[in-house]
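The structure appears right after this line, and notes come after that.
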Amino acid sequence: MKLYRHPLSGHSHRAQLFLSLLGVPHELIDVDLKAGAHKAPEFLKLNPFGQVPVLDDNGTVISDSNAILVYLAKKLGRIDWLPEDPALAARVQKWLSVAAGDIAFGPAAARLVTVFGAPLRAEEAIARAHRVLSQIDAELSGRDFLLGARPTIADVSLYSYVSAAPEGNVDLGNYGHVRAWLSRIEHLPGFVGFQKTAVGLAA
């Protein structure tokens, strides 16, 4: 499998992390976003939206990080990471939506300001980040992972941008359950870290 990614993209890390946790052999292909490689005709053939990551599984091309998580779990029959039970599958999907919504417009957006100089309203993004982190912290009270005793793709989907939240000036100090959850993920066999940037509270 080939994963087209950028090392500072949390969406890319999300896909890379799951490939590594599953022990799937893969090749990482860095896409030079600064040079506009994601808008080049060759890349747009892979993903017309011009975004990373993109997974190429011997000609089966999957774009969107959460779609890649679902694809890998389904292809490899990993019901431990994506349960077949309707109620549990729905709970996983809820968190994938949180990752695509509140996480993207909260901690991920706040980090875009500091790491990439994005012209976004940092204060609003930080406030949204704290709202969703409070919800996640409450959800993790009394359980090791978002669905219970073992991780699912819900945890993988949220990990990257939550772990990097301090880079966007989002303090994780008040979220003890979240910090313990991050540590549990970081101790899973096959874990690979998200490249750090010394900005914001992480400077």
For the chain, what does the helix formula give at 222 nm: sum of -39500 (n - 2.57) over DSSP H segments with n ≥ 4, over the residue count, nearest 500 deg cm²/dmol?
-14000 deg cm²/dmol
Which entry is the computed Rg/Rh (Cα atoms, Kirkwood Rh) for this structure: (1) 1.05; (2) 0.95; (3) 1.02?
(2)
What ranking of Arg143, Arg150 comes out by heavy-atom accessible area, probe 1.4 Å, highest first?
Arg150, Arg143
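In whole percent, what relative contact order does the chain give with Cα contacts below 8 Å and a gap of six or more residues?
That works out to 23 percent.
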Over the stretch 42-153, give the accessible area per residue in Å² for a 1.4 Å probe, as an integer.
50 Å²
Per the 1.4 Å probe, what fraction of the accessible area of the stretch 108-149, in percent, lies on carbon and sulfur atoms?
51 percent
To make sure I understand the rule: partners must be lysines, Cα under 25 Å from the Cα of Lys74, and not fewer than 8 residues away in the same chain. Which ones qualify?
Lys2, Lys45, Lys94
List the trypsin sites (Lys or Arg not before Pro) in the stretch 25-69 that DSSP assigns to loop (not H, G, I, E or B) and whose Cβ has at most 11 other Cβ atoms within 10 Å. Which are they?
Lys34
Please work out the C-alpha center-to-center distance from the stretch 1-55 to the stretch 132-199 and express it in whole Å.
22 Å
Where Arg78, Arg5 fall by accessible area, highest first, once all protein chains stay in place (1.4 Å)
Arg78, Arg5
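Give, rounded to the nearest 20 debye, the magnitude of the charge dipole that the stretch 56-191 has about its Cα centre when Lys and Arg contribute +1 at Cβ and Asp and Glu contribute -1 at Cβ.
So the magnitude is around 140 debye.
Take Ser63, Ser141 and sort them by solvent-accessible surface of the protein heavy atoms, 1.4 Å probe, largest at the top.
Ranked from most to least accessible, the order is Ser141, Ser63.
The values are calculated or read from the model by the stated rules, or taken from the named source; none is laboratory data. As the structure is a computational prediction, the values presented were derived from the model and not from experiment. We place every Cβ from the backbone using ideal geometry, glycine too, and count neighbours over all the protein chains shown. The area values use the complete protein model at the heavy-atom level, side chains included, leaving out ligands, DNA and RNA. Shrake-Rupley method; radii C 1.70, N 1.55, O 1.52, S 1.80 Å.
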